[in-house]
1. Along Cα→Cβ, 7 Å out, is where each label goes; now give me the distance between the ones at Thr210 and Glu168 in nm to one decimal.
2. Contour minus end-to-end for Met89 and Lys271, with contour as 0.36 nm per residue of separation and end-to-end as the Cα-Cα distance?
3. Which entries of Lys127/Lys271; Lys167/Lys274; Lys102/Lys249; Lys78/Lys127; Lys218/Lys274 have Cα-Cα distances beyond 28 Å here?
4. Give me P(r) over the range 159-208, computed from all C-alpha to C-alpha distances, binned every 10 Å, as integer percentages.
5. Under a no-solvent Debye model with one identical scatterer per Cα of the range 236-285, what's log10 I(q)/I(0) at q = 0.13, 0.29, 0.31 Å⁻¹?
6. Please give the contour-minus-distance gain from Glu105 to Lys234: 0.36 nm per residue of separation, less the Cα-Cα distance, rounded to one decimal in nm.
7. Using the 2.2 N^0.38 Å rule of thumb for compact globular proteins, work out how the range 97-231 stacks up: its C-alpha Rg over that value, please.
8. Taking square-rooted eigenvalues a ≥ b ≥ c of the alpha carbon gyration tensor, is the range 113-172 rounded, prolate or oblate, where a/c under 1.5 means rounded and, failing that, a/b exceeding b/c means prolate?
Amino acid sequence: MACQMPISQTQSFSNTRTPSLSLLFKTPAVQVLVPRSRLSTGHGARRRMNGARLRNAGVVKATATEMPSKRRSGDEVKGFVDEMRAVAMKLHTRDQAKEGEKEPEGKPVAKWEPTVEGYLRFLVDSKVVYDTLESIVSEAACPWYAEFRSTGLERSEKLTKDLEWFKEQGHAIPDPSTPGLTYSQLLKELSVKDPQAFICHFYNIYFAHTAGGRMIGKKVAEKILDGKELEFYKWEGDLRQLLQNVREKLNEVANDWSREEKNHCLEETEKSFKFSGDILRLILS
């Protein structure tokens with residue numbers, strides 16, 4: 001998909017387009033035709049008419065359960081992000097998510113034996129990736145990347161504070177390693193050559209950290225940091241709302257993609273899991 005002008009310069013996200021009525025109501029209307037010869041006031045005619053009304057009501061009731069329900073204030077509209085989530089969930093194991101389909105590999109998080117050194121490698125390489133993401137949306141080689149600036153999900157500044165804290169505790173901060181540097185380079189290339197693939201990585205990195213990432217951070221902290229909660233796992237404001245704001249922007253961007261482009265984005269999910277997993281495994285190094 002060719003990059004386009006930022007959405008804020010063409011239309012506001014608050015003005016989400018209304019689905020066409022032809023899409024919302026694809027079920028044809030049910031009609032009951034009564035021949036003129038039967039339009040009488042006799043008891044038999046009334047019985048036939050009442051029977052027709054009951055049959056009609058039954059069909060309408062059955063059809064109504066298949067139609068999209070009218071949106072109420074506060075209801076969440078399904079969009080492309082739901083497709084992205086569904087694909088991502090399938091790549092989880094059952095112990096990670098109930099929708100997971102993959103077989104577990106290695107020990108569950110509860111049985112991990114992390115080290116401070118390994119955790120620092122993980123944090124340093126994570127910062128390389130988040131630095132890269134924030135730089136990409138700041139420079140906005142593809143203009144609509146600018147819509148993802150200052151979402152509240154940014155992690156670079158938080159990681160800087162955490163690494164400074166470890167340094168104050170007397171720990172040596174390692175240099176970035178291959179997993180983080182490799183992923184950073186891939187993200188840079190995709191952001192220019194393949195926006196749909198880049199958005200897949202953007203979504204999975206940020207959203208996974210707010211879910212499984214927090215759980216892992218808590219377990220690791222309990223084992224090697226006396227339960228200290230790092231800044232990496234803190235957000236300003238309502239996290240649910242921050243995530244919802246980004247969902248809406250992602251959905252709006254994807255509205256202009258073809259089905260082929262959307263499928264291409266979804267196909268990148270497994271690769272995003274692989275690169276993120278390589279960084280995550282640094283905790284056990």
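1. 2.8 nm
2. 64.1 nm
3. The answer is Lys167/Lys274; Lys102/Lys249; Lys78/Lys127.
4. Pairs per bin, as whole percents: 21, 36, 29, 13, 1.
5. Computed log10 I(q)/I(0) values: -0.53, -0.95, -0.99.
6. Value of the extension gain: 43.6 nm.
7. Rg over 2.2 N^0.38 Å, computed on Cα atoms: 1.13.
8. prolate
Values in this text are rule-based calculations from the coordinates and carry no lab data. Being a predicted model, the structure only gives us computed values, none of them experimental. Here Cβ is always computed from backbone atoms with ideal geometry, including for glycine, and neighbour counts include all displayed protein chains.
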